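Structure, as structure tokens:
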Amino acid sequence: MGTKSDYKRLAQQVCHPEPFGYAQDKLREGSRGQTCPERSRRILRCAQNDTSERLRRRVYQCHVFRFSSLHVHRLWVAAVVLGVLLASGCRQQMADQPRYNPLAPSAFFADGQSARPLVPGTVARGQLRDATPLYTGKSGAAFVDTFPLPVTRAVLARGQERYNIYCAPCHDRLGTGDGMIVRRGFRRPPSFHLDRLREAPVGYYFDVITQGFGAMQDYAAQIPPRDRWAIIAYIRALQLSQHATLAEVPAAEREKLLP
């Protein structure tokens, strides 16, 4: 059991006015190798055994004030961290706009449908499709037999590129119908060099590419109308290459073919 002077010395150690940060360091480090909880229990025990009510009250008040300040600091840090987490979890208003899911019902419109029909007389940019041979391959109900656009070297080069991408896997590079996927079991298409297809109008090819035929799917979504005509022009070039006569070859190129 310590003397009253010992209690006074302990009270001075705890209650001596010091900077807040320095006091915290002392509380964390302890005194004479004692940890903060050990020192706290010792001071409170001494204060309870002291006969001086004033000394005991002063030691206890200083002890509570020091530790309550430390707890307030920790709570303030925790509140800041929690606020940052809550702020990071907030969503912007633009990311949560009122909208309808596709084909969802709606009580706002009279027909109960959220999907609205196109306004009559309007056409999306670049989607004009009038009833002309360029977009249908037909004149009236009959297939056209002339190209609705000029067939130039650039058009043929474009047609060759598109043909090799979309058509050659089935029809092969020469149009004989022996493409790579046919060799692996897909249904064999007819050769472009059959008389029936050589005599078919160009509008027929356009319709087949657009609508599909037999096992062939349609390519309306993959190939724009002008590229379809470019492919057809290249098919005509392939047909001509396999059935051309020597008289049809230009004189400047004819000598290169002769042995």
Exercise. Of all residues in segment 201-237, count the ones that are within 16 Å of Gly137 (Cα to Cα) and either in contact with a strand residue (DSSP E or B) (Cβ under 7 Å, 6 or more places away or on another chain) or without any contact (Cβ under 8 Å) to a residue 12 or more places away in the chain (or both).
Key: 11
Practice problem: State whether the residues of segment 161-177 include one that is under 24 Å from Gln217 (Cα atoms), touching a strand residue (DSSP E or B) at 6+ places or on another chain (Cβ under 7 Å) and either touching a residue at least 60 places away in the same chain (Cβ under 8 Å) or hydrophobic (A, V, I, L, M, F, W, C) (or both). | Solution: no
Quiz item: Residues of segment 172-196 being β-branched (Val, Ile, Thr) and either assigned to a loop (DSSP other than H, G, I, E, B) or surrounded by 15 or more Cβ atoms within 10 Å (Cβ to Cβ) (or both), which ones?
Solution: Thr176, Val182
Quiz item: Looking only at segment 100-142, which residues are in contact with a strand residue (DSSP E or B) (Cβ under 7 Å, 6 or more places away or on another chain) and either part of a loop (DSSP other than H, G, I, E, B) or modelled with pLDDT under 90 (or both)?
Solution: Ser106, Gly112, Ser114, Gly137
Quiz item: Looking at segment 129-166, which of the residues that are over 26 Å from Ser241 (Cβ atoms) and of a type in the set (Val, Ile, Thr) is surrounded by the most Cβ atoms within 10 Å (Cβ to Cβ)?
Solution: Thr136
Quiz item: Can you tell me which residues in segment 216-241 are over 23 Å from Leu149 (Cβ atoms) and either out of contact with any helix residue (DSSP H, G or I) (no Cβ under 9 Å at 6 or more places or on another chain) or at pLDDT 95 or above (or both)?
Solution: Gln217
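The values are calculated or read from the model by the stated rules, or taken from the named source; none is laboratory data. If you're wondering where the values come from, they're calculated on a predicted model, not measured in any experiment. Cβ coordinates were reconstructed from backbone atoms using ideal geometry, including for glycine residues, and neighbour counts include every protein chain displayed.
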